[in-house]
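The values are calculated or read from the model by the stated rules, or taken from the named source; none is laboratory data. All figures in this text were calculated on a predicted structure; none of them were measured in a lab. Virtual Cβ from ideal backbone geometry, glycine too; neighbours counted across all protein chains shown.
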Amino acid sequence: MAQGHEHLQDDADVEAILHLAIRKQGDTQMLRERLQVTAGELGISPEALAAAEREYRQQKVVDAELKEYDRHLRRDFWSHFLTYVIVNAGLSLINLVTGSSHFWALYPIIGWGIAVAIHAAETFNKNDEEYQKGFRKWQKKRRRRQRDIDDDDDDDD
């Protein structure tokens, strides 16, 4: 078998390659025409197709926002975790250097450790209702901030 052809396993591979080639060629009109022809062959009305495309685009926006929200949560968690490690390492060092017979640094390590564990659960458990609430709150705040930026840009004109 010729080198480079082993990866073609099925029609999905062929379609994926054709999609990439069309994108590289920059012919998005061809994609639109193909979509409309296929929808027509399936008996889908232009109105239903337009509604489905709007819904698809909205879902892509939400999916991108979810990815950004996840990055935001992970960044906040790892920042919290790193602070926890550095501060508690410092407290442990102070505890050891002062020669205290009681390891008092254990109390903040445990107490703060519980908070870090809760933060980890909230960050990495995406099926939780709190996650969805947090996402909606973050989304509103982000959109409000974007509107403020857009308003400031309009004022500059």
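On the given criteria, is residue 112 assigned by TED's automatic domain parsing to the domain that holds residue 64, surrounded by 11 or more Cβ atoms within 10 Å (Cβ to Cβ), in a helix (DSSP H, G or I) and modelled with pLDDT of 90 or more? So that I can check it myself, show each step before the final result.
Details: assigned by TED's automatic domain parsing to the domain that holds residue 64: yes; surrounded by 11 or more Cβ atoms within 10 Å (Cβ to Cβ): yes; in a helix (DSSP H, G or I): yes; modelled with pLDDT of 90 or more: yes.
Considered against the rule, which asks whether it is assigned by TED's automatic domain parsing to the domain that holds residue 64, surrounded by 11 or more Cβ atoms within 10 Å (Cβ to Cβ), in a helix (DSSP H, G or I) and modelled with pLDDT of 90 or more, residue 112 comes out as yes.
When the test is whether a residue is at pLDDT 95 or above and within 30 Å of residue 133 (Cβ to Cβ), residue 57 does not pass it. Would you say residue 52 is at pLDDT 80 or above and exposed (fewer than 13 other Cβ atoms within 10 Å of the Cβ)? No. I'd like to know if region 146-153 contains one or more residues that are under 27 Å from residue 82 (Cβ atoms) and either surrounded by fewer than 11 Cβ atoms within 10 Å (Cβ to Cβ) or in contact (Cβ under 8 Å) with a residue 40 or more places away in the chain (or both). No: region 146-153 contains no residue that is under 27 Å from residue 82 (Cβ atoms) and either surrounded by fewer than 11 Cβ atoms within 10 Å (Cβ to Cβ) or in contact (Cβ under 8 Å) with a residue 40 or more places away in the chain (or both).
Scanning region 124-144 for residues that are of a type in the set (D, E, K, R) and touching a residue at least 40 places away in the same chain (Cβ under 8 Å) turns up 126, 142.
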